[in-house]
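Notes follow the structure.
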Amino acid sequence: MKNQYVASDGTVFTDRSLYRKHEMETQYTFRGKENATLTKKPGSVNGQPFDIVDCKNCSILVLDHCDQVQIDDVEDSTVFIGASSGSVFIRNCRNCNFTIACKQLRTRDSVDCTLNLYCMTEPAIETSTGMKFAPFNGAYEGHLKSFIDAGLDLSMNKWSAVFDFNDPTDTHENWQIVTEDEQEPLWCPLGPAECCISDCDTARRLFLSPSQCNLLEDENVVDLAETDNTQADQSNSEERDTNKFILFGQRLWGIMSYSISSISAFCLGFILNGFMKSQSLLTFPRAD
């Protein structure tokens, strides 16, 4: 008897490849939508890749940690990608507003898009024009867990270190950094929530409580010290302490990993060098 694979919608398959293709298309893809709000809530993606294809005038929310994300042929839409553990590819998109947290970002053949971005590596654009970059501006309940599950280090954010493949002299003719006055307010699509990160350069809105996140959304205030004195209660204070402890752990693990890699590379080089020297000593010249 052949194995059976039951999809999330109840469809039964005996071919695993067809089952996986069906799951990807029905559970992890938004395709061919117009004038719609499309939402994946926390826990609904759980580290799977995600595709967004051929959508127009939509609000698209992927509020969970996911693997690689591909966004193709999207127009006049807003897109929120909560935390991608891999790359986010944006291709053939026009007049869109993106809020994205990812390890790597690349755009191609896109025009007049704004990217409110957290990115662990330098974002890259190719054959794209009118691109605007701003610090990450999104939050939802459980967002910090999405960051951790995706392996994103909050201390590493290179959102503004943009590389343009089509601008070798670095004229910035195809992209610009949004000024602070033009930056959009915090976006909490599911209601008040903790804000993992917004602007690493000025440490604004970092590890805020739900009440502070709501205050920022209403008033666009970024004075953390002042809001601490007036808004935070004991439980929110404990929540922030926990978040800071997690961030410290992430940074410590990054330092340890780098140190171990460096030591391993040094030891390997030392061993190989010794091996090569011993080989040269054992090699005798041929007698004529």
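The values are calculated or read from the model by the stated rules, or taken from the named source; none is laboratory data. Being a predicted model, the structure only gives us computed values, none of them experimental. Here the Cβ positions follow ideal geometry from the backbone for every residue, glycine too, while neighbour counts run over all protein chains shown. In case anyone asks, the SASA skips ligands and DNA or RNA and just uses the protein heavy atoms, side chains included. Shrake-Rupley method; radii C 1.70, N 1.55, O 1.52, S 1.80 Å.
Here are a few things to note about the model shown:
- Geometric descriptor of the stretch 1-49, per residue, is 95 Å³ (volume of the convex hull of the Cα atoms).
- Computed over the Cα atoms of the stretch 6-92, the ratio of the radius of gyration to the Kirkwood radius (Rg/Rh) comes to 0.98.
- Rough spin-label spacing in nm, given labels placed 7 Å along Cα→Cβ, for residue 11 and residue 184: 3.3 nm
- Estimated Rh, the stretch 84-193: Kirkwood, alpha-carbon pairs, angstrom: 14.3 Å
- Probe 1.4 Å, all protein chains present, accessible-area order of 131, 24, 156, largest first: 156, 24, 131
- FRET E, pair residue 44, residue 167, Förster distance 35 Å, beta-carbon r, rounded to 0.05: 0.35
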